[in-house]
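A.B. asks: Have a look at the structure that comes next, please.
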Amino acid sequence: MQFRALKGMNDLLPGETERWQRLEAAFRRTMELHGYGEVRTPVLEPLELFVRSTGETSEIVEKQMFELERGGERLALRPEGTPGAARAFIGANQHAREPVTRWYYIGPMFRAEQPQRGRYRQFHQAGCELYGDAGPIVDAEMIGMLVEFLSGLGLEKLDVAVNSLGGPTTRTRYREALLAYLEPRSSQLSEHAQRRLRDNPLRILDSKDPRDRAVVADAPSILDVLEGDDRAHFEGLCRALEALGIPYRVDPGLVRGLDYYTRTLFEIQSTQGELGSQNTLVGGGRYDGMLKSLGGPDLPAIGFALGIERLLLALGDTQVPRPRRCFIAPVGERAMLEGLTLARDLRRSGVIVELDARGGSLKSLLRRASNLGSTICLVLGDAELDRGVVQVKELERHTQADVPRDQVVEHVRAALENGAER
Ligand code: ATP
Ligand code: MG
């Protein structure tokens, strides 16, 4: 019997994981630059945590959770990172240690979705949470950090959408205005939206059903009912984004699927690469009431989550810069031991080396070196051994030279550094 990975869950093999590591390293660098520390929380949490934070009527809790029971306790594989981080923040009494906390995470999330390109059942998010600052300056700083990160990776066509959901009072007022508009038109809505009318009418704005989209097109805008501090907060966000020179779009229809959001909401999409319709890379927003509702301190918070698979799809095959590497091609029996020690010496000085000691022909070895994307191929045969040299082929530059054995390590290092991009 042969086993397969579960539907929508993928193995990542060397070659592919390398791109992931590069991306994760770049993300970690960005987060450190902005004063964030890494938090690692369990993948399994009490199911109730997600019900209480992500929300009973959210798509995630309604339909997408991987649930299990153990010792009479209901558990769920985390569908997103924010609730677990909030639980950890509260449990560690973190707010007593510092007034503002910046945490980031990278890890797998689980949602029982219909798998397709850019949508999986186990997928990975890189995200962050900032606790203790009500914004709006940090809101803009966070969006700016994302735009710098994504454009630094080479993404050009970014679409930054922002909106505000206001606080609880605005929400209630808007809910009423929306209901007054939607109820007389309820027969034109999808069945799902008709149910939403009772428990969570805002989510109808998020619906992808064409019937709902048609009705919602002329619905009142939340920005029209935004008043007082909520309005000042949103205007402050817009001003700060302008100060940073970030092109953005105000989208009053942006509500996003999670129930806990307040005030600032944002999404970043890319029209680049192989994303197709799954083109939202990042979703984020403020959740000022969540910590308190989970039994923690009454502190404001904001965060985002970025889909790593989608980001890699947007970047395409070539664009995540990869480290340059060296391939060693020993030809003939005598060359094997020399290849082995040369590989060790190069690795000691930090060069990534692949030694192919299977005893293939020079032609097949060179083909393999080039398939692996090696920058340099070192050829060792009887002729080279007799003369105490190594033949150094620079595959990208199409040059070759014989270099004395005792100078090879330095030569290869210098050659890799000279050609190093980024
Ligand atoms: P969508 O509307 O595409 O379902 P979402 O609103 O459910 O997205 P969030 O919960 O905000 O997504 O998650 C943030 C990011 O995580 C998304 O923008 C996306 O890049 C990624 N993401 C979410 N769900 C998946 C999934 N099933 N597979 C791969 N990536 C995902
Ligand atoms: Mg979703």
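A.B. asks: Return yes or no: is residue 172 away from ligand 1 (no atom under 13 Å from the Cβ) and outside the structural domain of residue 245 (by TED's automatic domain parsing)?
C.D. replies: yes
A.B. asks: Look at segment 86-113 and say how many of its residues are crowded, with 18+ Cβ neighbours inside 10 Å and within 16 Å of ligand 2 (Cβ to nearest atom).
C.D. replies: Within segment 86-113, residues that are crowded, with 18+ Cβ neighbours inside 10 Å and within 16 Å of ligand 2 (Cβ to nearest atom) number 3.
A.B. asks: With (1) at pLDDT 90 or above; (2) out of contact with any Cys (no Cβ under 9 Å at 6 or more places or on another chain) as the list, and residue 373 as the residue in question, which single condition is left unmet?
C.D. replies: Every condition holds for residue 373 apart from (1).
A.B. asks: Related question: Keeping to segment 142-168, report how many residues are surrounded by fewer than 17 Cβ atoms within 10 Å (Cβ to Cβ), in contact (Cβ under 8 Å) with a residue 40 or more places away in the chain and in a helix (DSSP H, G or I).
C.D. replies: Within segment 142-168, residues that are surrounded by fewer than 17 Cβ atoms within 10 Å (Cβ to Cβ), in contact (Cβ under 8 Å) with a residue 40 or more places away in the chain and in a helix (DSSP H, G or I) number 3.
A.B. asks: What number of residues within segment 113-163 are among the small types (Gly, Ala, Ser), away from ligand 1 (no atom under 16 Å from the Cβ) and closer than 20 Å to residue 269 by Cα?
C.D. replies: Of the residues in segment 113-163, 5 are among the small types (Gly, Ala, Ser), away from ligand 1 (no atom under 16 Å from the Cβ) and closer than 20 Å to residue 269 by Cα.
A.B. asks: Examine segment 14-27 for a residue that is more than 30 Å from residue 195 (Cα to Cα), of a type in the set (Phe, Trp, Tyr) and within 16 Å of ligand 1 (Cβ to nearest atom), and state whether such a residue exists.
C.D. replies: Yes; the residues of segment 14-27 include at least one that is more than 30 Å from residue 195 (Cα to Cα), of a type in the set (Phe, Trp, Tyr) and within 16 Å of ligand 1 (Cβ to nearest atom).
A.B. asks: Name every residue in segment 166-188 that is within 16 Å of residue 57 (Cβ to Cβ) and touching a Ser or Thr at 6+ places or on another chain (Cβ under 9 Å), in order of residue number.
C.D. replies: 171
A.B. asks: With the structure loaded, tell me whether residue 386 is more than 28 Å from residue 152 (Cα to Cα) and either in contact (Cβ under 8 Å) with a residue 24 or more places away in the chain or of a type in the set (A, V, I, L, M, F, W, C) (or both) or whether it fails that test.
C.D. replies: Judged against the criteria, residue 386 is not a match.
A.B. asks: Still on this structure: Applying the selection to segment 114-127, what residues are of a type in the set (Lys, Arg) and within 11 Å of ligand 2 (Cβ to nearest atom)?
C.D. replies: The answer is 119, and nothing else.
The values are calculated or read from the model by the stated rules, or taken from the named source; none is laboratory data. The structure displayed is predicted, hence computed values, not measured ones. Note that we place each Cβ from the backbone using ideal geometry, even for glycine, and neighbour counts take in every protein chain shown.
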